[in-house]
Amino acid sequence: MNLIYNSEQYSVVEFGVDDDMDALRFGGYEIMDKPAKREIFIAGPMAELFRQNVRELIASEPTQEEIDDFLGSYDMMMNHPTTYH
């Protein structure tokens with residue numbers, strides 16, 4: 001598990017590929033909207049698409065605002081309240 005992005009608005013944690021767990025066959029990502037205190041975990045093909053989109057975004061040398069805007073496109077899917085362990 002690696003924290004790969006952290007701003008005042010969002011935090012993204014990457015979970016590595018785990019062939020023994022079907023949900024992590026492609027790895028996974030937890031995206032947290034800090035002010036709204038909600039999150040989403042994406043895995044499988046959706047995680048693979050997220051990874052590809054992030055690579056394309058990073059190649060354009062985005063600002064923090066542009067990264068947050070990109071992560072904001074996942075807001076509608078964030079239904080789980082953030083829990084702290």
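Taken together, the values in this text are just the output of simple stated rules run on the coordinates, not laboratory data. Keep in mind it's a predicted model, so treat the numbers as computed, not measured. All Cβ positions, glycine included, derive from the backbone under ideal geometry; neighbour counts span all protein chains shown.
Data overview
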read-out: Cα-centre dipole for the stretch 2-79 with unit charges at Cβ (Lys and Arg positive, Asp and Glu negative), debye to 20; value: 120
read-out: Amide H contacts under 5 Å for Tyr5, placed H, 5+ residues apart; value: Val12
read-out: Residue-span extension gain [Glu56 to Asp75] - 0.36 nm each, minus C-alpha spacing; value: 4.8 nm
read-out: In order through the stretch 69-82: 3J(HN,Hα) via Karplus (6.51 cos²θ - 1.76 cosθ + 1.60), integer Hz, x for Gly, Pro; value: 4, 4, 5, x, 5, 9, 3, 5, 8, 7, 10, 8, x, 5
